[in-house]
2 protein chains.
Amino acid sequence: MPDTRALVVDTALRLFRERGYEATTMRLVAAEAGLSVGNAYYYFPGKDALVQELYRRIQVEHRAAVADRLPRGGTLEQRLTGTWLAGLAVMAPYRSFGAGFVSRAIRPGEAASPFSDASSEARELAVHLLRDVVEGARPAVPGTVARELPELLWLAWLGVTVFWLNDPTPDAGRTRRLVTGAAPLIGRLVRLSRLPVLRTTVTDVLALVEDVRR
Amino acid sequence: MPDTRALVVDTALRLFRERGYEATTMRLVAAEAGLSVGNAYYYFPGKDALVQELYRRIQVEHRAAVADRLPRGGTLEQRLTGTWLAGLAVMAPYRSFGAGFVSRAIRPGEAASPFSDASSEARELAVHLLRDVVEGARPAVPGTVARELPELLWLAWLGVTVFWLNDPTPDAGRTRRLVTGAAPLIGRLVRLSRLPVLRTTVTDVLALVEDVRR
């Protein structure tokens, strides 16, 4: 029954927050949820699947956090600032979890890697949100740039996330400064990309990204 | 005596390459070097110190690999392409080590992190090499940009390194394409940074970097 599945997820995410990834075993999740270990495994084949559930849930909460704002328009920098600050707020309860977990997620071939096949659903949700940020911006983002920008912004967001996990300031003040400082610069660079003098370079940057991506 | 120290280092680096970080214990290093464990510890307080030795040695080899070329001038993109391709060649024997090790090096607060105090010597050597790349370039790189560029290039190089550790192509062909494609674009962006229309943006990007760095 679906309630049991939700109970397993809620319990696992709480344990991830409270005890970190390593200490959260399927056995502990089952015990804390008042289930047999076999019953917990019936819903999730292991911790990796629970991590994917965490990724997916963060995306769903991130989307919900900006759902009111995105249809209202605004410039690219306004939309990006709002969306990224909302993303930091959504991830905040998992900051200590992430600090320990990033070491696993960065390992090549790991299911928890944001680039893995297993992470494709969460990745697509994340890129799709950024596509909505880009496409609803006024003035409109030029076509060639608009096509590739969501994925570039997603890569930038991964960089912001790693920066945030290493940010020693209370309430991640430095990361918030990075976001509020970088979003207007990205907006300005996108506007400048229309200039003839920059157009070739922009095309070449996009072609290089296209060439080396998986 | 210094020969014993070199023996410990050589043995440890060989074991790092052959068996990876986790399996290389101080006990194993001592045994393979034909020393007592106490003697090995006399030269290095632990594996972290051997990792710093690896970092330092890679920097020294990287410098040696481009020592002939750098005084000969060339454009920024030529110098950067040559230096980065040489860097990939120097690191090549440690690629499988790095793939497992990056998960440790990325953990916040870890001595092996490229941003840690312990890594400051290797970091300074790396930034210094990139400063020589920038300062010897002809046409000369504009002053404001030249000051901050070496550190930005070092951050870019960390990104290239993570990309390289995840590169599934034989002989890291995709990473070589990334380097040979990105260096001319960096050169072109640096030239464009002189244009009045971009000057404010360049200044603002540099100010943001200055603001959020440690």
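The values are calculated or read from the model by the stated rules, or taken from the named source; none is laboratory data. What you see is a predicted model; the values in this text were computed from it and never measured. Cβ coordinates were reconstructed from backbone atoms using ideal geometry, including for glycine residues, and neighbour counts include every protein chain displayed. All accessible areas refer to the heavy atoms of the entire protein, side chains included, with ligands and DNA or RNA removed. Shrake-Rupley method; radii C 1.70, N 1.55, O 1.52, S 1.80 Å.
General remarks:
- Segment B:1-32 - residue that is closer than 23 Å to B:Val102 by Cα and among the hydroxyl-bearing types (Ser, Thr, Tyr) and, of those, surrounded by the most Cβ atoms within 10 Å (Cβ to Cβ): B:Thr24
- Which numbered condition A:His128 fails, given (1) under 14 Å from the mean Cα position of the chain (by Cα); (2) farther than 29 Å from A:Asp48 by Cα: (2)
- Contacts under 8 angstrom Cβ, first residue in segment B:95-107 being closer than 11 Å to B:Val162 by Cβ and more than 7 Å from every other protein chain (Cβ to nearest Cβ), partner charged (D, E, K, R) and buried (at least 18 other Cβ atoms within 10 Å of the Cβ), 6 or more apart: none
- Close pairs (9 angstrom Cβ cut-off, 6 or more residues apart or separate chains): at positive phi in segment A:124-142, surrounded by fewer than 21 Cβ atoms within 10 Å (Cβ to Cβ) and modelled with pLDDT of 95 or more anywhere: none
- Checking each residue in segment A:44-55 for being more than 17 Å from A:Ser116 (Cα to Cα) and open to solvent by 50 Å² or more (accessible area, probe 1.4 Å) picks out only A:Pro45.
- Of the residues in segment A:1-24, at least one is of a type in the set (Ser, Thr, Tyr), closer than 22 Å to A:Pro93 by Cα, out of contact with any strand residue (DSSP E or B) (no Cβ under 6 Å at 6 or more places or on another chain) and at pLDDT below 95.
- The residue that is modelled with the lowest pLDDT, among those in segment A:128-141 that are of a type outside the set (D, E, K, R) and buried (at least 17 other Cβ atoms within 10 Å of the Cβ), is A:Val141.
- Restricting segment A:142-169 to residues that are away from chain B (no Cβ under 14 Å) and at pLDDT below 90, the residue that is surrounded by the fewest Cβ atoms within 10 Å (Cβ to Cβ) is A:Gly143.
- Odd one out for B:Thr200, checked against (1) among the β-branched types (Val, Ile, Thr); (2) within 10 Å of another protein chain (Cβ to nearest Cβ); (3) open to solvent by less than 30 Å² (accessible area, probe 1.4 Å): (3)
- Residue within segment A:48-68 that is in contact with a Lys or Arg (Cβ under 7 Å, 6 or more places away or on another chain), part of a helix (DSSP H, G or I) and in contact (Cβ under 8 Å) with a residue 12 or more places away in the chain present: no
- Positions within segment A:33-42 being surrounded by fewer than 19 Cβ atoms within 10 Å (Cβ to Cβ) and closer than 27 Å to A:Ser103 by Cβ, in sequence order: A:Val37, A:Tyr41
- If you check A:Val60, A:Val90, A:Val51, A:Val66 for being at pLDDT below 95, within 14 Å of the chain's Cα centre (by Cα) and not aromatic (Phe, Trp, Tyr), only one passes: A:Val51.
- For segment A:56-113, the set of residues classified as on the phi > 0 side of the Ramachandran plot and open to solvent by less than 50 Å² (accessible area, probe 1.4 Å) consists of A:Gly73, A:Gly74, listed by residue number.
- Candidate set from segment A:170-193 (those that are at the interface with chain B (Cβ under 10 Å from one of its Cβ atoms) and among the hydroxyl-bearing types (Ser, Thr, Tyr)); member that is surrounded by the most Cβ atoms within 10 Å (Cβ to Cβ): A:Thr175
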